[in-house]
Every structure is written in C-alpha cells, then in structure tokens.
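Below: the structure, in structure tokens.
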Amino acid sequence: MKWFRRFFILILSLTVCITAIIFFLPFSNDFQQKGELNIPGLKNRVTIQRDANGMAYIRAQNLEDALFAQGFVTAQDRLFQMQLTRLFAQGRICELAGDVAKNLDIRMRTIGLHRMAIKQAGILNDKTKNRFQKYVDGINAFIDICPEDIHLEFKLAGINPDKWEVADSLTLLYYMGYSTSANLNSEIVSQMLLETLGFEKASQIMPININADDPDDTGEIQLPLKEQLSLSKTNIENLMAYSGDRKLRAGSNNWAVSPTLSASGKAILSGDPHLDPRSLPGVWYPVELFTPEIRAVGVNISGIPGMAIGRTDHIALSATNNYGDMLDLYIETIDPENPDNYLEGKNSIPFIQIKENLKIKDKNATQGFRLEPVTIKATKRGPVVSNILKNLKTKKVITLRFAPAESMGPAVGILDILTAKDSKALVNALNKTPMLCINWVFADSKGNIGHQASGKIPIRDNGDGIFPYPVKDSKDNWRGWIPADEMPGEINPEKKWIGTCNHKIIKKDYPYYYSSYFAPSYRYRRLKELMALSDKKEVHDLWMYQRDTKNMLAEKISPVIAKTLLKHDDTKIMGEILSDWDFRDDPDKAAPAIFQTTYKLFAKLVFEDELGEEKAMIMLNNWYFWQERLERMVVNGVSPWFDNIKTGNKKETLEDLFHLAALNAKAFLVPKLGDEPKKWQWGKIHTLELVNPIRRKGTGKTWLGSGPMPMGGSGETLYRGWYDYDKPFEVTHCAALRMVVDFADKEKVVAILPGGVSGRTFNPHQKDQIDAFMSGKKMFWWFSDKAIDTHAKSKLVLKP
C-alpha cells in the first residue's frame, strides 16, 4: 500500500500547488485599487471607483484633474499595451524584438508619424496642449509613484516603461489616421494591374463603388486618361508591406434612430467599430469621466485622452472608417546624372535627407543594445518608400504623401467631444480633427441625429487619386482642401434614421473626388432592410442588428452557384444545401462554409490566369477592390475574364468556373469537416481566437488566451467576421466594441468588449467579457451616480 500512499500524496501535492497557483497568480500582476494615494499634479481630490468588470469611474472637480486621472487609470490597466503600440507607431520594435523587426521599424520611421506628432505638439494652442499634458502627467505619475504596480509584462519582456510626452499620444492619433487610409492598398493594386495588364485590360477590373441611397450611381469610377499615367515598371506590389503595418485599420457599423422611430421616445445610437481584437484585452479602453461640467462614459485608444466613442449628458457618437483619400503615391524620377537628386521636369532637386538611429536589441552589444543609423530620403511631397526595399531595379522611386502631415492646426477637436452641448457643437469639434477620416454618427439629448465625415481631403488637379501620380514638373497636383461645410454629412434626415457601414456615402453629383475605395454595399443594404421593418426600435433591436448574419451578397450569388452545382453528380449535394439556405452565415450551418469557400476559390480562378498567382493574391487580399466588380460579372453571366487563357482552344464559362471552384472547395473542406457535406458547420472553420500578447503561439497560448471560438457572420454581414483571403477562415476583424445608447436611459449604456478592461496577464478582467461577447449577452457601463455607487467594487482616492 506504500505505492498508493505515495501516489495519493503526489496527487494531493499537485492539487495544492495548482490551487495555490490559480489563487495567487492574479495577485502577481495586480495594482492598488483601494485606499488613498498622494499624487502631485492634481488640483483637488479625485475618486476612482471600479465595477465588477474592473472599469474605472472617475469623479473629479475639474476637467484637467479628470484627464490626469484618466491617464493614471489607463496606465494602471494598459501601460504595457500602450508601450507596445507606441514602439510600433514610432518604429522602435527593434528595442524589444531585435533584428527581426528591423524592416518594420525602417518602414514606420520612413512614414514618419512620430515626426508629424512632434510638429503637431509644437503648434498646439494652450488649451489643447494643456489637456494632452494633463493626461500624460497622469500616465507618468503612475510610473513614478507606483513602481511596485508596474505590469509583470515589462519584466517578462526585459524592458522598462518609458515616460510619456504629448507627442507620444499624438503619434497614436496619427497612427489611427494612417491606419484608416485604405487608399494606399488601392493605389498599389491599381498600378500593379496597369503595369501587368496594360490600360485597357486593367480598366475592366477597376473597383465598383455603389452608393445604395443614390439610384443614379452605377458605381463605375471615372478613370484618368491613359496619357496621364505612368506605365513604367516600378514593382509597386512590393510596397504592400506598408499596408500590413496599419494595425488599427478599421471597418465598422454605426447608426442612429430619431425619437420618431424609437420605442422610448428618445434618440438611440448604435455602434460596433470593427478592428483587429485578437490581442487581449482588445483595442478600446473604457472609462467614465465625471466633473461638475461633464459626465461622459465611453472608450478611446489607450494612450489618447478623452472619448472617441460613447455618450455624455448631451451627445452620443460612434465611428466608422469613411475611406476618404488622404494619401497619394507619386512616381518620381531619379536624376540619372546625380542619384542624390530627383527631377521635376528639367529641374534637378536634392533629396531631403533625414537621419535617424535604430536602437536594436542585441545580447552581444554593450548594455544589450546597438545603434544603427538610418537615412530616410524625401522629396517635397513626402518620404521615399521604395528605396528601402531589395530587388527594386528601377530608375523610378515612389514617394508617399499623407494629407495630415500638411493639414494640422492648433486644435485637436477630439478632446472637445467631452464638452459639446449639442450636435452643432459636436460637428464643430469633429471638423477640427483633420488626421482622422471617420464617419461619425451621432445623436443628442434634444432628439437630433446626424452624420459627419471628418478629415481633410485634398482637392486634386488631376481629379482622382486612383493611380500613383507621375511627377513630370514642379506643379503641385493638390490645390487646397475640400471645405469643411462640403464634407459629407447631414442632420435629421427625412427617413428618421441614419447609418454608415464603410460604404460609399457620396452621391454621383458630389463635386469633388473623394475616394476610389469603399466597402461593398452589402452591410448597408441589410441595414436598410432592418430599418424598414415597421416596428419602433428598442435597444434590444439595435443590439441584435449588430449580430445579424444575413449575407446580401450570398442572396444574389448563391442561387447562381446552386443552379450550376445541381447539374453535376459530384457537387449535387452541395447545390442542394445552397438551395435550401436562408443566406444567414450562422456557425451551425453548412451552407456558409460551401458558399464562402466556393466563391473565394471562384474569384481566384477568374483572375489568376491573367495575373499570375502572386499578383492575383495581392489583389484578392484587398476584398473591397474586387467584390462588387466580380458580383456584377456574375450577375451579367458573361465576361471575358471567365475564360482561362492558359487552356488553349477551350473557352471556359461562368458555370465551368463555379463547378471547378466547388470541387476545389470540397477538396479543401473534406479534410477539415468530414465527407458528409450536410454535417459541415461554418463555425468549425470560421473561428475567432484571442491571444495574450506575451504568448501568441506555442504551449500556453490557449490557456492565456481564448482558444479558437466558432463564430458566425462573415465579411459581408453586419455581424462582422472578416478573414484574410490568403488565410481562410481565421477571423481577423470583428466588433472591437458593441454599444447601444438610449437617451431615455439615464442609468446605463449597453456595451461590451471582446476581451476585457485590463491588459495585465492573470488579471481576472483581461478576458472576463469573452463569453458574453460571443453569446450576445448584454453588459453595461453605468452612467448615473446611483448606478455607479451601487455597482462599485472598489474605491481609490487620489490626493494632491
């Protein structure tokens, strides 16, 4: 029996150890949430209460102290996340990752977001600068006064937290702007097609962008004349690396209903911004700010003060990317007689030389780091983005011009959201946010609803920004900005609701070129269907609209596919499943798996023979570029692109390609889902996985993260489950927040995050919202004093 006794003791010991680890781990990465702290820099006492989700509610006697405390609590919860985002945006990831991040850092240094932020910080007016300064003072107060509370992640990464400056917060703001500048992708793909196919052939597959509210809009883009373009070989597709650097690239839905359509008799606003939420705890940081002048609850990017999405006593707002074209690429010619110069006509002009140093982690170097100089070249339009890439054998170089570098002013209106008393004041604030090209949908306590596009869009002499602009002389093709009062927007539309889903919002007669890149209209068309339902809207209705899985693209295309598949014995069952489908991308259904896989592979068959595998994949990875164009081809039933140019005398048809795509889809799905199509489930391959930033792969990833979770929806549904074309079907973008505000409800806001509030590993609030987020359960931000006090779990007092 000795062996049994030893085995029993071993099991008991392991149980005690595991129990102790589970119990004590949360305390290994905790921080002070109760009691009092003496904090220099405050004017008055500030109280910080936290609810059951760990969310901070700040009560201060003035706005400056509230912003100071916002910086303090954000650092308590998210300092390591803030450090990573700052290192990324400033081109300093080498300090953490070593040589592997060198090319990434060079690209980010080349773009120069931190240089822009330093310039912006230098011209801020006193009010704006003071508010930013108070916020970063709060961050630094946490670093200085609470060293024992610094995140465990810093020790694990072998780095110390850096102090913050105003320019650091502004860098993140400019990074948001750069991330939303999706026309970079479009210009690269357009020029790649031009160089590969020639003007006439490339013109056939340029994007279609449809405004579903404009019956006169065909969606066709007005292309420039062939003579205005550069057909020189640039290998521009190599610049797609710059596209991948936009980690805050956004999609999103937002809408508002007027009191007339609201069951409560007050305006209701809904928002679910779509970002990459996969790194715990998520992108958005929630907080409540309360002073005698303001009461606000909402979210912002950690490291940026104020509120970007949320509500106050007076207004509520949410944001989507409006894809206004704030970015142009230019094809420049190096002076053949002097490679340090570039040409504008006959004028030879020296490149601007910008000297920077990379600090690269190196265990063999003194103090663990080495410095490596980097020289960035620029013309008067912007930095050269092509000369840092290997194998780019051309006398042409490509420069990047980013409108926010030229449109900055002394105010940053995003901070004025907190103090806006009505929709008019809110619009004025949004118009002073030139670095963010955003569709803001808003409502106010007076019953007004509306939409306003922010950002400054250049007026282009050449009339468009579809292709890179070939520089031929010293003339500037930008000649000012679209006036603020002519930017897209409206208040109190006749239909009594308003919404945006990244779709085209300008009408055919809009007097300026705005963009060549918008989301397909599928989500917005579905929103129109839902809003047309006769019942008055309740909070629950709008909450469920965010989780709606009807696919409007599938409603058009799936019957065409099914008709073909039913004709062939080897795809007949798949055709039957599609024929019986209600076009909802639900996780327990087989049809979404068949449709998504077949249509994806069909698109590859259409374009790969002409473009080659690599270039076809570059285009197909940019979904918005081709989706509505291909849909129109399918609806028309015939297109020269359906023929495979590599099959000699045979001429393929639409049916041929759909049948072959279905066979390829079956070959893809059977190993993953089994050989009985009726038992396939979309959610078994379409999954969302949240990971801890300190363990993104390998042993422990699932324990510290969520593991793969079945998810419905797709890129075409309001319940967004976007995946990258070349990495099916892992969800990369979905709602990074779900929120519904009813002005009749003075107690709370319905809102949920995909992960949690805290960025600290082992903290119970890093991922405690996952289950509710996935199931659709409502959670709340508390708004009234009574509700905040009732649900408070801790109270910390900051004393000056």
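The values are calculated or read from the model by the stated rules, or taken from the named source; none is laboratory data. These figures come from a predicted structure and were not determined experimentally. In this analysis, Cβ positions are derived from the backbone assuming ideal geometry, glycine residues included, and neighbour counts consider all displayed protein chains. The protein model used for the area step is the full one, side chains on, heavy atoms only, and it has no ligands, DNA or RNA in it. Shrake-Rupley method; radii C 1.70, N 1.55, O 1.52, S 1.80 Å.
For K361, K395, K43, K537, give the ranking by accessible area with the largest first, probe 1.4 Å.
Highest to lowest solvent-accessible surface, that is K395, K43, K361, K537.
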How compact and how long is the stretch 676-762, expressed as Rg and Dmax of its alpha-carbon atoms in Å? 16.1, 52
What per residue convex hull volume, in Å³, comes out for the stretch 77-120 when only alpha-carbon positions are used? 61
With bins 10 Å wide starting at 0, give me the P(r) of the stretch 265-385 over every alpha carbon pair, in whole percents. 10, 21, 17, 22, 20, 9, 1, 0
The chain: antiparallel bridges as % of DSSP beta bridges, rounded to 5, reads 85
What is the set of long-range amide H partners of I694 at a cut-off below 5 Å, with H atoms built 1.01 Å from backbone N? none
Expected-Rg normalisation [2.2 N^0.38 Å, Cα atoms] applied to the stretch 512-563: 1.49
In this structure, among K424/K786; K604/K727; K127/K163; K102/K355; K589/K672, pairs with alpha-carbon gaps over 19 Å are K424/K786; K127/K163
Report P(r) for the chain: all Cα-Cα distances, bin width 20 Å, range 0 to the bin holding the largest distance, values in whole percent. 15, 48, 32, 5, 0
Below 8 Å, C-alpha to C-alpha, sequence gap of six or more: please give me the relative contact order for the chain in percent. 19
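Treating only the Cβ of Lys, Arg, Asp and Glu as charged (+1, +1, -1, -1), what charge dipole size does the chain show about its Cα centre? Round to the nearest 20 debye. Walk me through the intermediate numbers first.
On the way: 104 positive and 96 negative charges, 397 e Å.
Here the size comes out at about 1900 debye.
What number, rounded to the nearest 500 deg cm²/dmol, is the helix-based mean residue ellipticity at 222 nm of the chain, given -39500 (n - 2.57) per DSSP H run of at least four residues and division by all its residues?
Mean residue ellipticity at 222 nm (helix-derived): -10500 deg cm²/dmol.
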Counting all C-alpha pairs of the stretch 233-302, share separated by more than 20 Å (%): 59
Gyration tensor verdict on the stretch 477-578 (Cα atoms; rounded if a/c is under 1.5, prolate if a/b is larger than b/c, oblate otherwise): oblate
Taking the square root of 5λ for each eigenvalue of the C-alpha gyration tensor of the stretch 586-657, the equivalent ellipsoid has semi-axes, largest first and in whole angstrom, of 22, 15, 12
Sequence neighbours fewer than 8 away in the same chain don't count; with that in mind, list the aspartates and glutamates whose C-alpha is under 17 Å from K34. D51, D77, E148, D149, D789
Quick one: grab the alpha carbon gyration tensor of the stretch 423-535, order the square roots of its eigenvalues as a ≥ b ≥ c, and give me rounded if a/c is under 1.5, else prolate or oblate depending on whether a/b is larger than b/c. oblate
Considering every Cα-Cα pair within the stretch 400-455, what fraction, in whole percent, is farther apart than 17 Å? 38
Candidate lysines for bridging to K456, where Cα separation is under 16 Å - those fewer than 8 sequence places away on the same chain excluded: K432
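Can you tell me the alpha carbon radius of gyration of the stretch 496-650 divided by the globular rule-of-thumb value 2.2 N^0.38 Å? Write out the running numbers ahead of the final one.
Numbers: Rg = 18.3 Å, N = 155, 2.2 N^0.38 = 15.0 Å.
With N residues counted in the stretch 496-650, Rg over 2.2 N^0.38 Å equals 1.22.
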Heads up, I need the accessible area for E220: 1.4 angstrom probe, whole protein in place, Å², nearest 10. 90
Mind listing the Cα extents of the stretch 310-450 along all three principal axes, in Å, largest one first? 66, 50, 27
Give me the 1.4 Å probe accessible area per residue for the stretch 474-563, excluding ligands and nucleic acids, in Å². 45
Apply the Karplus parameterisation 6.51 cos²θ - 1.76 cosθ + 1.60, with θ equal to phi minus 60°, to every residue of the stretch 442-452 and state each ³J(HN,Hα) to the nearest whole Hz, in sequence, with x for glycine and proline. 9, 9, 9, 5, 8, x, 7, 10, x, 9, 9
With all distinct Cα pairs included, what does the Kirkwood hydrodynamic radius of the stretch 314-362 come out to in Å, to one decimal, could you say? 15.8
Selected from I150, A101, N140, residue furthest toward positive end of dipole (the stretch 96-153; charges at beta carbon): A101
Order of exposure, largest accessible area first, which applies to H540, H314, H151 with probe 1.4 Å: H540, H314, H151
Using modelled amide H (1.01 Å from N, peptide plane; none on Pro or chain starts), what sits under 5 Å from the amide H of L358, excluding residues fewer than 5 places away? E372, V374
Under the rule of at least 5 residues apart or a separate chain, name every residue whose amide H is placed under 5 Å from the amide H of N321. N439
Which one, N664, M709, H686, projects farthest toward the positive side of the charge dipole computed for the stretch 615-738 from Cβ point charges (K/R +1, D/E -1)? M709
Between I118 and D771, the FRET efficiency computed from the C-beta separation at R0 = 51 Å comes out, to the nearest 0.05, as 0.75
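Over all alpha-carbon pairs in the stretch 359-514, figure out the percentage whose distance exceeds 26 Å.
48
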With 10 Å bins from 0: P(r) over the stretch 33-157, alpha-carbon pairs, percent: 12, 33, 33, 19, 3
Indicate the helices, whole DSSP H runs only, in the chain that combine a mean Kyte-Doolittle hydropathy of -0.5 or more with a Cα extent along their long axis of 24 angstrom or more. 2-24, 63-90, 591-611, 654-673
